[in-house]
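Structure first, then comments.
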Amino acid sequence: MTFDEMLYFSFYVAGGLIAGLFVKKVISPVVKRAVARTKWTADDLIIESIGKWVIPWLIALGVFLGWRRVQMDVKYHQWLENGLAVFYIFSITWIVATVLSGMTKIKNPDSEAVVRSSSIIGNIIKVIVYCIGMLVILQSLGISITPILAGLGVGGLAVALALQDTLSNLFAGIQIISTKQINPGDFIKLESGQEGFVEDISWRYTALRTGSNNTIIVPNSKLASVIVSNYFLPDKEIVFDITIGVDYNSDLQKVEEVTVEVLKEMQQASPDCVQNFEPFIRFQQFGESSIVLKAFLRAKTFGSQFLIKHELMKRIQKRYTEEGINIPFPVRNVFINKPGGL
């Protein structure tokens, strides 16, 4: 390489760097402001993903143009062209994989909430796109992909036999997502008693976050075969009750009126209560030491019921005391038969 050729090569590389910085610093902000005004949220992700490769693309273009001014063996030019082709194909593959995977987690344009999605969806999309990109790279290098596809068919059978448990969890995870009966963010309870918010559904397991901020790991195949209670379906609102016992000498009509008044006061005072719900009580049974009733309210979410119960019990106890309604202690009479009548 002569001095002039090296100089030309440096000018082209520097030109590519300057052009990349100009696009990154001047043109890119203008484009971002323009797409920010559109309702389609995916265009922001597309522009952001492309923006990460603008400078490397233009530098690579400068290297290619500068290298063509250098006099050397044709095979070296061919190597450079193949390397740049691999670089551009890989970068485009990365952008497509990132955009398609990211589109499963973009914001809902009609609300401030982020659309929750499972990582298994994004991972499957990335694997498919990267596999296609790898095949395109091999084809661009002149490597026939037909034997590879045939080998994948035979090798896939062997892999399927060796990874039965893994594939079982994978397909169970896909089944869970496709039925949409369990979604990230839902609060669920397993028949074994474990409960928590669904953090993620991955290719192998589903992660639940408990109220104590611990994580429960449930294999997808197990989750698909057990009875699950989803407290967020068909909606997040939940009707809950608290059990109360009143004295047998109580005026039940007064008990009902006072309890409903307290329920309505609690409903108005708590933002976690559903306001258009009509609170009510139902007498359940004649217990051992009290008449048992249940008071019903509706909460916006499963988790919010606990604070409502906490405040509601304090209000009921205070109001019952003011109204002279007695909540009796458990009482049990024990008769002892003494031998000989003594």
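The values are calculated or read from the model by the stated rules, or taken from the named source; none is laboratory data. From a predicted model like this one, the values you see are computed outputs, not experimental measurements. Cβ placement follows ideal geometry from the backbone for every residue including glycine, while neighbour counts extend to all protein chains displayed. All accessible areas refer to the heavy atoms of the entire protein, side chains included, with ligands and DNA or RNA removed. Shrake-Rupley method; radii C 1.70, N 1.55, O 1.52, S 1.80 Å.
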For segment 170-228 the GluC sites (Glu not before Pro) that pass both the DSSP coil test and the at-most-13 other-Cβ-within-10 Å test are E191
State the volume of the convex hull built on the alpha-carbon positions of the chain, expressed per residue in Å³ and rounded to an integer. 249
Assigning unit charges at the beta carbon (Lys, Arg +1; Asp, Glu -1) and nothing else, what dipole magnitude in debye, to the nearest 20, does the chain show about its Cα centre? 580
Once Lys and Arg get +1 and Asp and Glu get -1 on their Cβ, which of I308, I95, T206 lies farthest toward the positive end of the dipole of the chain? I95
With each run of n ≥ 4 DSSP H residues scored as -39500 (n - 2.57), what mean residue ellipticity at 222 nm is computed for the chain after dividing by its residue count and rounding to the nearest 500 deg cm²/dmol? -17500 deg cm²/dmol
Which helices pass in the chain if a helix is a full DSSP H run, must span at least 18 angstrom along its long axis by Cα, and must have mean Kyte-Doolittle hydropathy not below 1.6? 54-68, 119-140, 146-162
Potential extension, V86-K180 segment - 0.36 nm per residue separation minus Cα distance: 29.9 nm
If amide hydrogens are placed 1.01 Å from N in the peptide plane, which non-local residues have theirs closer than 5 Å to the one on G196? I188
When the accessible area of the chain is split by element with a 1.4 Å probe, what percent falls to carbon and sulfur? 62
Per residue, in Å², the accessible surface of segment 1-72 once ligands and nucleic acids are set aside, probe 1.4 Å: 66
Residue among S178, S49, S221 with the largest mean-square fluctuation in a Gaussian network model of the chain, springs linking Cα atoms under 10 Å: S178
Give me the distance in nm between label points sitting 7 Å out from Cα along the Cα-to-Cβ direction at R209 and S28, one decimal. 3.1
Roughly how many debye, to the nearest 20, is the charge dipole of segment 255-342 about its Cα centre, given +1 on each Lys and Arg Cβ, -1 on each Asp and Glu Cβ, and no other charges? 360
Rounded, prolate or oblate (a/c below 1.5 giving rounded, otherwise prolate when a/b exceeds b/c) for segment 217-342 by Cα gyration tensor: oblate
Springs between alpha-carbon pairs under 10 angstrom, Gaussian network model over the chain: which of D200, D247, D44 fluctuates most? D247
At most 16 other Cβ within 10 Å, DSSP loop - trypsin sites (Lys or Arg not before Pro), segment 273-342: R332
Listed by chain and number, the residues whose amide H is under 5 Å from that of F280, excluding neighbours fewer than 5 places away on the same chain and using placed H, are F296
With Cα springs under 10 Å, the Gaussian network model of the chain assigns the largest mean-square fluctuation among I132, I216, I121 to I132
Per residue, in Å², the accessible surface of segment 181-322 once ligands and nucleic acids are set aside, probe 1.4 Å: 55
